[in-house]
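The values are calculated or read from the model by the stated rules, or taken from the named source; none is laboratory data. Since this is a predicted model, take the numbers as computed values, not measurements. Cβ sites come from the backbone with ideal geometry, for glycine too, and all protein chains shown count toward neighbours. The accessibility values were calculated without ligands, DNA or RNA, using every heavy atom of the protein model including side chains. Shrake-Rupley method; radii C 1.70, N 1.55, O 1.52, S 1.80 Å.
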Amino acid sequence: MEGEKRYISAEELKEHNKSWDLWISIQGKYLDKLFTGYHLKNFEVSEVSKDYRRLVSEFAKAGMFEKKGHVALFSLTAVALLFLVVLYGVLRCDSVWAHLGSAILLGLLWMQSAYVGHDSGHYQVMTSRGYNKLAQILSGNCLTGISIAWWKWTHNAHHIACNSLDHDPDLQHIPVFAVSSHFFSSLTSSFYGRTLNFDPLARFLVSYQHWTYYPVMIVARVNLFVQTFLLLFSNRSVPDRGFNIMGILVFWTWFPLLVSCLPNWPERIMFVLASFAVTSIQHVQFTLNHFSANVYVGLPTGNDWFEKQTSGTIDISCPSMMDWFFGGLQFQLEHHLFPRLPRCHLRKVSPLVRELCKKHKLPYRSLSFWEANKSTIRTLRTAALQARDLTNPAPKNLLWEAFNTHG
């Protein structure tokens, strides 16, 4: 009968999950341009999702998604000024203290530049898409050496499946870290398409992860550099690959040249380590937002996305004068719920999100920076002690036995 709706069950929908035959249900149907003619049978919206969508509608009517303030302008200006000061400190000053100060400022520059890259990846911070892409490449590839293409690839998956052990790449750090004993069974990463082997080396490293956490964070940028190269020179389809590679080449031109201008190797090593150590605060912050939150295995289902965001995120409480330092990401839950909302609004919407969580008896966790660190270390220590359990049937070797026979 013409005009009569055709329906498909959720189980039938799951059968269309191949790259050449992929169907996605959005509010019970599909995007108009790609509409298959089928509606999802028995589609219902949960009460919390209704309230959430109501908030989104209110923010949109108030123009909050378009009102971006001048955060990007101020941030880019600060980054430019910091870069000039760093250049002056290295090239025109002879004091080792001036060089150390320049390294500290470079670390702050990298942090602020990363926030601009993050903002421009979620919404348009410039006057056009072209300028926005330029801001991404400059703030990401050129200044930090980390590809915006790599960030988008991993970050999209992180937002879709927040804190899923097998789908969220931001939790998949075997063999160095494991936030849950589920990793001890060698989970298969659907993101990387490989098994995360919990072998003797992983068991050994994870067993001491609560001690190695901060030292690893200091050199975490090295891993991001490696991941950038692995993606850009892989066989994967990478948007704007050439543009990204050019940006990376800019970084690996100016940064080694700048370091080489220091008078001796001890100062060069000090400069690199000090700049990395300052930026490690940002790496720590990113892990504080998720490492000690609730985790699960599998994908979020159609009607529990909101719940998964609340259970998988932790906010960092701080005074408003520190918003610049955390880049707005201290409001991690608010950012996950409204990823296109400019960071200048996140503090304003925080009370509304808190009330929504309270209404539906969902967790809203906001910890001080100190308490969030303690919570993360507790989580890592718990998993570390579980990994030391010799009755856990993971492979052992002589090195493992030597270190752990007596606890």
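What to note about this one:
- Neighbourhood charge, 11 Å Cβ-Cβ cut-off, centred on Asn294 and excluding it, Lys, Arg +1 and Asp, Glu -1: +1
- Distance between the 7 Å Cα→Cβ label points at Tyr192 and Lys5: 4.3 nm.
- Measuring between alpha carbons in the structure, the pairs from Lys68/Lys152; Lys5/Lys308; Lys61/Lys359; Lys33/Lys152; Lys152/Lys374 lying more than 28 angstrom apart are Lys5/Lys308; Lys152/Lys374.
- Taking a sphere under 15 Å around the Cβ of Val116 and counting the other residues whose Cβ falls inside, with K and R at +1 and D and E at -1, yields a net charge of +2.
- Mean accessible surface per residue for the range 1-43, computed with a 1.4 Å probe while every protein chain stays in place, in Å²: 88 Å²
- Calculated translational diffusion coefficient of the chain (20 °C, 1.002 mPa s; Stokes-Einstein with Kirkwood radius over alpha-carbon pairs) equals 91 µm²/s.
- Taken over the alpha carbons of the range 166-243 as equal point scatterers, the Debye sum produces base-10 log I(q)/I(0) values at 0.11, 0.14, 0.19, 0.21 Å⁻¹ of -0.35, -0.55, -0.92, -1.05.
- Most mobile listed residue (Thr313, Thr195, Thr36) in the chain, GNM with C-alpha springs under 10 Å: Thr36
- GNM top mover of Pro263, Pro200, Pro169 - the chain, alpha-carbon springs below 10 Å: Pro263
- Dipole moment magnitude, nearest 20 debye, the chain about Cα centre, only Lys, Arg, Asp, Glu C-beta charged: 460 debye
- Highest GNM mean-square fluctuation among Tyr115, Tyr192, Tyr364, for the chain modelled with Cα contacts below 10 Å: Tyr192.
- Taking 0.36 nm per residue of separation and subtracting the Cα-Cα distance, full extension of the segment from Phe233 to Lys41 would add 64.8 nm.
- The Kirkwood hydrodynamic radius of the range 1-43, based on inverse pair distances between different Cα atoms, is 10.9 Å.
- Per-residue accessible area (protein heavy atoms, 1.4 Å probe) orders Lys61, Lys133 as Lys61, Lys133, starting from the largest.
- Report summary: the helix-based calculation at 222 nm, which adds -39500 (n - 2.57) for every DSSP H run with n ≥ 4 and divides by the residues of the chain, gives -17000 deg cm²/dmol.
- Projected onto planes of every orientation and averaged, the convex hull of the alpha-carbon atoms in the range 1-135 covers 14.4 nm².
- Computed over the Cα atoms of the range 211-268, pair by distinct pair, the Kirkwood hydrodynamic radius stands at 13.7 angstrom.
- Cα convex hull volume per residue for the range 258-362 (Å³): 160 Å³
- Between the C-alpha center of the range 233-303 and that of the range 75-140 there is a gap of 14 Å.
- For the range 1-43, a crude dipole built from +1 on the beta carbon of Lys and Arg and -1 on the beta carbon of Asp and Glu, taken about the Cα centre, is about 120 debye to the nearest 20.
- Here, P(r) means the percent of Cα pairs in each 5 Å bin from 0 to the largest distance; for the range 100-163 it is 4, 19, 24, 22, 16, 10, 4, 1, 0.
- Additional length obtainable on full extension of the chain from Leu34 to Phe74, 0.36 nm per residue less Cα span: 10.3 nm
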